[in-house]
Amino acid sequence: MYFKLFWTFFKIGLFTFGGGYAMIPFIHKFGVDKYQWITEQEFMNIIAIAESTPGPIAINSATYIGHKVKGVRGSAAATLGVSLPSFIIIILIAAFFMQFKDNMHVEYAFQGIRIGVAILVVNAAVRMYRKLDKNYMSYILIAIGFGLLLFDFLSVIYVIIVGGGIGIITQILKARGEENVD
Amino acid sequence: MLIKLLELFVTFFKIGVFTFGGGYAMIPLITDEVIAKGWQTKDTLIDFIAIAESTPGPFAINISTFIGYEQQGIIGAMFATLGVIVPSFVIIIIIAKVFNKFADNKYVIGFLNGAKPIIVGVIFSVGIDFLLSSVFKIKEITLIREMIFDWKTIVIFLIVFGLTKVKERMHPIFIVVLSGLLGYILFGII
C-alpha cells in the first residue's frame with residue numbers, strides 16, 4: 001500500500017505542469033474515483049484545508065491523503081512520491097543550465113523570458129484579485145501589501161503577518177458587534 | 001558547509017510557513033529571502049522561476065530544488081526542498097489527527113481574510129517590480145528615473161502581454177517559450 005501511494009503520487013507529480021492547482025483534477029481521479037482512498041466530501045475538505053494552510057497545495061493534499069490511508073508513514077510515502085519527480089528533473093536541468101547560463105545565445109532568449117515571467121506574475125495577481133471577496137477592507141489591504149513591498153518598507157513575511165493580524169482583529173470585532181446586537 | 005545547509009533548510013522552512021495560496025504566492029517570499037542573502041540576483045532568480053514554471057511538478061519543489069542545488073549541489077537541493085516540505089507536512093498531520101474542522105475555525109478564517117488580499121497586493125508589487133527591471137532595466141522603484149527605453153523589450157512586452165489578454169489562461173510554458181523566442185530573435189538576430 002505504501003508503494004501504491006508513492007507510485008500514484010509520483011505519477012501525479014510527474015505529469016502535472018503548472019503547479020498545485022493543475023494537480024487537483026488528478027488527485028480527484030486517483031484518490032476518489034480509482035482507488036477510493038477518500039470520499040467526495042473529504043476531497044472538498046482537503047481542498048479547503050490545503051487552501052487555508054501554508055505550503056504547496058500538492059504537499060498538503062499528498063500528506064492528507066497519505067495520512068488517511070496509512071497514517072504518518074502513508075503521508076511520507078505520498079509526499080515523497082509527489083516531490084521526487086520534480087526533484088530529479090530539476091537537478092538534471094540545473095546541472096545542464098549551469099553550463100549554458102553564460103552562453104550569449106541563452107542570455108538573448110532569457111532577456112525575453114524575464115519579461116514573460118513578469119507578465120505571468122502580474123496576471124497571477126490579477127487572477128487572485130478576481131477570486132477575492134471585494135469590500136473596502138480588501139482594497140485597503142491590497143494597497144497596503146502593494147505599497148509596503150514596492151517601496152521595501154517591510155519584508156514579505158511581516159507584511160503577511162500584518163495582513164493576518166488585521167484580519168483576526170476584524171473578525172473578533174465583528175463577532176463582538178453581532179453579540180451586542182443580540 | 002553544514003551551516004550553509006542549515007541556512008538553506010531554515011530559509012525554505014520560513015518560506016514554506018508563509019506561503020498561502022499556491023506557487024505564485026511563494027514568489028515574493030523567495031525574492032525577498034534569496035536576494036537579501038545574496039544567493040541570487042533578481043535576473044538569475046527570474047530565470048529560475050521561468051524554468052520552474054516550465055517543468056512538471058509543484059512550483060515550490062522545483063524552485064527550492066533549483067536554488068539549493070545551485071548553492072550546495074544535490075545535498076543543498078535536499079535541504080532546501082525538505083525545508084519547504086516540512087512545515088506543510090507537520091501542519092497537515094496535526095490537522096488530520098486532531099483538528100478536522102480547521103478550515104471552519106473563526107481565527108483561521110479571520111487570518112486568511114486579512115492575509116489573502118495583502119498577498120495579492122504583494123504579488124502584484126513583485127510583478128510590477130519584475131516588469132520594471134526586465135523592460136526598463138530599473139533595479140529599484142526609487143531609481144525609476146534611471147529607466148532605459150529599449151524598443152526591443154517594449155515590443156516583447158506588448159506582444160506577450162497583448163496575447164495573454166486576448167486568450168486568458170495561456171499555459172506558462174507557452175509564455176516562456178514565446179518570450180524566449182522573441183528575445184532571441186530581437187536581441188540575437190536583429
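Throughout, read-outs are computed from the coordinates displayed, never taken from laboratory work. Since this is a predicted model, take the numbers as computed values, not measurements. Note that each Cβ is placed from the backbone with ideal geometry, even for glycine, and that neighbours are counted across all protein chains shown.
Cα centroid separation, the stretch B:1-19 to the stretch A:151-171: 21 Å. Give me the log10 of I(q) over I(0) for chain B at q = 0.09, 0.13, 0.19 Å⁻¹, as the Debye formula computes it from C-alpha points; what are the numbers? Cα-only, vacuum Debye calculation for chain B: -0.41, -0.82, -1.39. With the dipole of chain A worked out from charges on the C-beta (+1 for Lys and Arg, -1 for Asp and Glu) around the Cα centre, which of A:95, A:156, A:168 lies farthest toward the positive end? With unit charges placed on the Cβ atoms, the residue in question is A:95.
Peptide B:171-180: average number of partner chain Cβ atoms within 10 Å per residue?
That works out to 6 on average.
Under the convention that each Lys and Arg Cβ holds +1 and each Asp and Glu Cβ holds -1, the size of the dipole of the stretch A:104-181 around its Cα centre is about 220 debye. Of the chymotrypsin sites (Phe, Trp or Tyr not before Pro) found in the stretch A:117-182, the ones in coil according to DSSP and having at most 16 other Cβ atoms within 10 Å of their Cβ are A:151, A:153. Rounded to the nearest 20 debye, the dipole size of the protein assembly as shown about its Cα centre is 640 debye, using +1 on the Cβ of Lys and Arg and -1 on the Cβ of Asp and Glu.
Short-range pairs are left out: with C-alpha atoms under 8 Å and at least six residues apart, the relative contact order of the stretch A:1-124 is 31 percent. Using alpha carbons only, how many angstrom separate the centre of the stretch B:57-99 from the centre of the stretch B:134-174? The distance from the Cα centre of the stretch B:57-99 to that of the stretch B:134-174 comes to 31 Å. Only one residue of B:124, B:89, A:30 has its Cα farthest out toward the positive end of the dipole of the protein assembly as shown, where Lys and Arg carry +1 and Asp and Glu -1 on Cβ, and that residue is A:30. Net charge in the neighbourhood of residue A:126 (other residues with Cβ under 12 Å of its Cβ; Lys, Arg +1, Asp, Glu -1) is +4. For the Cα atoms of chain B, what angle does the longest principal axis make with the long axis of helix B:151-166, in degrees from 0 to 90, nearest 10? Value to nearest ten degrees: 60. Helix B:2-17 and the longest principal axis of the C-alpha atoms of chain B enclose an angle of approximately 90°. Note on residue A:34 and residue B:105: the model spin-label points, each 7 Å out from Cα along the C-beta direction, lie 3.4 nm apart.
Here chain B is assigned +1 on the Cβ of each Lys and Arg and -1 on the Cβ of each Asp and Glu. Its dipole about the Cα centre then comes out at about 420 debye.
Kirkwood Rh over alpha-carbon pairs of the protein assembly as shown, then Stokes-Einstein at 10 °C and 1.306 mPa s: what D in µm² s⁻¹, rounded to an integer? Display every interim value, and only then the final one.
Working: Rh = 21.2 Å.
Using the Kirkwood radius from Cα pairs, D works out to 75 µm²/s.
Only helices enter this figure: runs of n ≥ 4 DSSP H residues, each worth -39500 (n - 2.57), summed and divided by the residues of chain A, yield -28000 deg cm²/dmol at 222 nm to the nearest 500. Using the alpha-carbon positions of the stretch A:2-100, Rg (one decimal) and Dmax (whole number) come out as 13.9, 49 Å. For the peptide B:155-168, the mean number of other protein chain Cβ atoms found within 10 angstrom of a residue's Cβ is 3. Membrane-span-like helices in chain A, defined purely by DSSP H runs whose alpha carbon atoms cover 27 Å or more axially and whose average Kyte-Doolittle hydropathy reaches 0.0, are A:57-100, A:104-131, A:156-181.
Electrostatic bookkeeping for residue A:78 treats Lys and Arg as +1 and Asp and Glu as -1; over the other residues with beta carbon under 11 Å from its beta carbon, the sum is +4. Tally Lys/Arg at +1 and Asp/Glu at -1 over every other residue whose Cβ is under 14 Å from the Cβ of residue A:67; what's the total? That works out to +3.
Note on B:25-35: average number of Cβ atoms from other chains within 10 Å of each residue's Cβ is 4. Using C-alpha pairs below 8 Å separated by at least 6 residues, the relative contact order for the stretch B:95-150 is 17 percent.
Helices in chain B, meaning DSSP H runs of at least 4 residues, each add -39500 (n - 2.57). Divided by all residues, the mean residue ellipticity at 222 nm is -25000 deg cm²/dmol.
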